[in-house]
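Enquirer: I am attaching a structure below and will ask some questions about it afterwards.
Please treat every number below as a calculation from the coordinates, not as lab data. Note that the coordinates shown come from a computational prediction; the quantities given were computed from them, not determined experimentally. When we count neighbours, we look across all protein chains shown, and the Cβ atoms used for this are built from the backbone with ideal geometry, even at glycine.
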Amino acid sequence: MAFNSLAYAVLLTFSVAWMRVGPWPALMLILASIVFYAAAGPFDMLVFIGAVALNWLVQIAVPADRRRIWAAVIVNIGLIGYFKYRNMLLGQTGLAGSFVDTALPLGISFYSFQALAYHIDIVRGRNGPARSFPEFFLFKAFFPQLIAGPIVRPNQTLPQIQRVFNDKWRRHRLLVFGLGLIVLGLTKKVVLADSLAPVVDDIFYDRPESAYLAWLGAVLFTFQIYFDFSGYSDIAIGSAYLLGIRLPRNFASPFLAGSIQQLWQRWHITLTQFLRDYLFIPLADLRVASRRYRVVQHFCAIVVTMTLCGLWHGAGWNFVLWGALQGIAMVFAALWSRYLPVPPAVVGWAATIIFFVATLVFFRSPNLAYAFDYLGTMLSFRGGLPAAVDDAAPPWEVAAGVAGLFALHWVEFRLQEPRVLSILRRIEGPVSRGFLAGVALLLILIPATNVNPFIYFRF
Amino acid sequence: MMSFRRSSPALAHLCRFAVGGILAVVAVEAGLRLIEETPLWRVLPVVQPIPGQPDKDFGFDSTPGASGIWTTEHRARLQVNSLGLRDVERAVAKPAGTFRVGLLGDSMVEAAQVSQQATFGALAERRLRADGYNVELINLAIAGPSPIRQLWRLEKRGYRLDLDLVMANSTAGSFLSGLLLDDSETPAYVDAGNGQLVVGYGFRQRFSQRHAEGLPGRLFIALYQSSPVFRMLYLRSKEPWPILLGLPAAQSTAQRPTPGPAPPDSDASRLACDQARAALDPMIHLWRDHHPELLWAATARFLDDFAESTRSHGVRVFYAIRDIPLPPADCPLPTAVRADLLLNMDRQFTSRGMQLIDWSASISQVVGSPANVPRLHGFGMHKGAGHLNFDGHRAWASALIDVLRRELPVRASSDK
């Protein structure tokens, strides 16, 4: 069930109302989560229920030591491996050379990683286990974050879920905060991401002949994926807030970052933290190199982590290369900051954005050959500016539009300031709630010219 | 107010909530209007206009002055002129020395997907004028596949413009679809009970037609034409529940097409042959064998009425029929069937004083081959199917100019 659907609005409204006045809130949340995921279809539901059951079995049947970590790795990485990477490993490609299996269960990459983090944290003593299967089920299936995150750790949501079971959860009073996040997320998704999608699709489909169009496609795709996924995250966090559960933030204005490391600290934050804690740190701490070469090992760990990050995003060599390039860029930036003078902030910002935009071509392309061809056009600087024919927007309008997207990003950054929260506290009331609920409903009803599912649903 | 708050706090709360909802409607309305009025319309969400209203003679007719951003297939600013036509403003009285051509047709000719300046009619007019012909090509078309709409359109909007020539354009399939006999949406020929066909207005029984003239109906029309939010709610309310709710199963049917593997050349050729034959069969049955009888009776009646109407107004008629399949060169049987079909169609039109144009062949000739015709349709990743794209309008303009040049004997420097 998509967040920008009327069905989700009905489900969320009913759930919030029930949580406020009805009995058995935990049971209601479980049922709502089942209804939410059931929209994906019986096959996806079966895989999900199987994954939850297997992970519960790991908890009750395997001792809480290294064996449990190995069992969790086998179950969860096995699930992702089978459903997501089977074609890639077997060398079977589908349409346009893609390895992606169209039968990929919805959200499998997210709920598998979350289960993995759960078991590892319990073994490491960072958090206690769920006390019952329903608690564990709700931790895994809590519907606002089930399909595409944020990827939560047990210490972030399990205690809150346990409070729901104890009927002592925190009833948030600042409803305009949750509603405001939902409106912000819907604006990003419905107004911006879905509007950019057909333009980007057309540019990538037609194989642009001019560098101007190729760069435009890459820049617009960068914003499309940002608005799409950060919009999804905002709606998830806002929805969870209305239900009394706080989820961690997932984006923090990444396109204002001055370096590639900063960008990754602000982009898909929960995944970056997951990779840092469960992959990078263990790899960097492995005692495989002498003290003298620990720096090299450290850098290798960065590249390996980011390469696997790319692989997590998609089963294709284009994703692998995209991830590897992010890692190499981080190493390059680290070496630069150590041995060379720090460039002016604007230069660092521009270099970061240009690199990220250019490498996202690998992310958007169906395969490596297409990506290199596209990048070749971008770097050729051929074609010049387009002639004003066929109702095309003049270049100055396009430039103003791109500048507007960066301006919106900056405005969003300013919205995260603490004083905005105090403004929300002042305006909290039925009028502001009615206003935000009305805007959210109307945004959902805005007719879409094409069906554009959230991009991260595919991962 | 204070007593109201004390006596019913829940009601007061609800009222304030409703005030917030009204403010939301105002805000979204303002936002959508802002998008429509600025260059943001090219990308950001807009609500497609409904540039017409129920009409008791016509079924549904365009509203003079209606405007908006067309979004289906491709975005374009749509403006209906004061005469109710998708055209630039034209004087009703024909300027002296001007040769006026009325372009009749369906949505392909109306061409809401591109700006008015990019339509084939506008392109052809500019090129002919640049060549010295004092000509006006007036777009009389309106969306809707029934050929009878073209005749009614001509009578209601066209004749008062003192046309010299009419260029009608229909698909061959529109005569087969049964729309000439279906008066549930537009006027059509219906059986009077004595075997005679008369013009039926069954659509007048529709709810929208019965209430269009009253105050609530007029208010409703004014609202959906002027308020994007109201129009959005109206359009969404007509969707089936699964689509309105946004359930995945309902959405999957609207997914973008994904290209499948192309068949081998030999198979493709045979397939094209078979498809052409299958499409031509019902056409030849209608135009040569006059079967099904009722459908032919309606077609013949339409041709009679069209010829009689134009003759009485002194307007010459070119009738372009498109989508008559062009079989590949190595398909002798369908090619022969096609030739036979055209012979029979031409006989029907010529006997009534109208000239038939094989529009598919004309366009194919302009672009070099039937294989190039699909690229004239659709936009972006949907290229290959749908309405005319910019290349399509250029090709149609060339074909139209080829036809008209033969009919325009004098240049601007000469007088008429």
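Enquirer: Give me a single rounded figure for B:234-246: the average over its residues of other chain Cβ atoms within 10 Å of their Cβ.
Expert: That works out to 3 on average.
Enquirer: Oh, and also: What's the ranking of A:177-188, B:199-210 by average number of surrounding C-beta atoms within 10 Å, highest first?
Expert: Ranked by mean Cβ neighbours within 10 Å, highest first: A:177-188, B:199-210.
Enquirer: Next question. Put +1 on the Cβ of each Lys and Arg and -1 on the Cβ of each Asp and Glu in the protein assembly as shown; which of A:315, B:142, B:202 then has its Cα farthest toward the positive end of the dipole?
Expert: A:315
Enquirer: Between residue A:133 and residue B:199, what is the label-point separation in nm under the 7 Å Cα-to-beta-carbon projection?
Expert: 7.3 nm
Enquirer: Pairing rule first: another cysteine's C-beta must sit under 4.7 Å. Under that rule, which cysteines of chain B stay single?
Expert: Those would be B:15, since no other cysteine Cβ in chain B comes under 4.7 Å of theirs.
Enquirer: While we're here: Quick one: among B:286, B:341, B:235, which has the greatest mean-square fluctuation in a GNM of chain B with alpha-carbon springs under 10 angstrom?
Expert: Of B:286, B:341, B:235, the most mobile in the Gaussian network model is B:235.
Enquirer: Straight-line reach from residue A:140: which lysines fall under 28 Å, measuring Cα to Cα and dropping same-chain residues less than 8 apart?
Expert: Partners found: A:84, A:168, A:188, A:189.
Enquirer: Within the set of other residues whose C-beta is less than 12 Å from the C-beta of residue B:334, count the net charge using Lys and Arg as +1 and Asp and Glu as -1.
Expert: Local net charge: -1.
Enquirer: Oh, and also: Could you calculate the FRET efficiency of residue A:406 with residue B:96 from 1/(1 + (r/R0)^6), where r is the beta carbon distance between them and R0 is 51 Å, rounded to 0.05?
Expert: The pair residue A:406/residue B:96 has a calculated efficiency of 0.35.
Enquirer: Next question. Rounded to the nearest 5, what % of DSSP beta bridges with both residues in chain B are antiparallel?
Expert: If we restrict to bridges inside chain B, about 40 percent are antiparallel.
Enquirer: Turning to a different aspect of this structure: Counting partner chain Cβ atoms within 10 Å of every residue's Cβ in A:345-358, what's the average?
Expert: 0
Enquirer: So for each of A:291-299, A:121-129 I average, over its residues, the number of other beta carbons within 10 Å; can you give me the resulting order with the highest mean first?
Expert: My ranking of the peptides, most packed first, is A:121-129, A:291-299.
Enquirer: Same structure, new question: Given Cα pairs under 8 Å that are at least 6 residues apart, what percent is the relative contact order of chain A?
Expert: Relative contact order, chain A: 20 percent.
Enquirer: Can you give the net charge of the other residues whose Cβ lies under 14 Å from the Cβ of residue A:419, counting K and R as +1 and D and E as -1?
Expert: Its environment carries a net charge of +2.
Enquirer: Express the relative contact order of chain B as a whole percentage, based on alpha carbon pairs under 8 Å and six or more residues apart in sequence.
Expert: For chain B, the relative contact order is 16 percent.
Enquirer: What does DSSP give for the protein assembly as shown in terms of the percent of beta bridges that are antiparallel, rounded to the nearest 5?
Expert: Among the beta bridges of the protein assembly as shown, antiparallel pairing accounts for roughly 40 percent.
Enquirer: If you don't mind, there's one more thing I want to ask. First select every other residue whose beta carbon is under 10 angstrom from the beta carbon of residue A:160; then total the charges, Lys and Arg +1, Asp and Glu -1.
Expert: So the surrounding residues net to +3.
Enquirer: What is the calculated FRET efficiency for residue B:18 to residue B:219, with r their C-beta to C-beta distance and R₀ = 25 Å, to the nearest 0.05?
Expert: Given R0 = 25 Å and the Cβ-Cβ separation, E is 0.70.
Enquirer: Label-point separation (nm) for residue A:393 and residue B:131, each offset 7 Å from Cα along Cα-to-Cβ?
Expert: 3.7 nm
Enquirer: Name the lysines eligible as straight-distance cross-link partners of residue B:94: C-alpha to C-alpha under 23 Å, and not fewer than 8 places from it in the same chain.
Expert: Answer for residue B:94, where 23 Å is the Cα cut-off: B:156, B:416, listed by chain and number.
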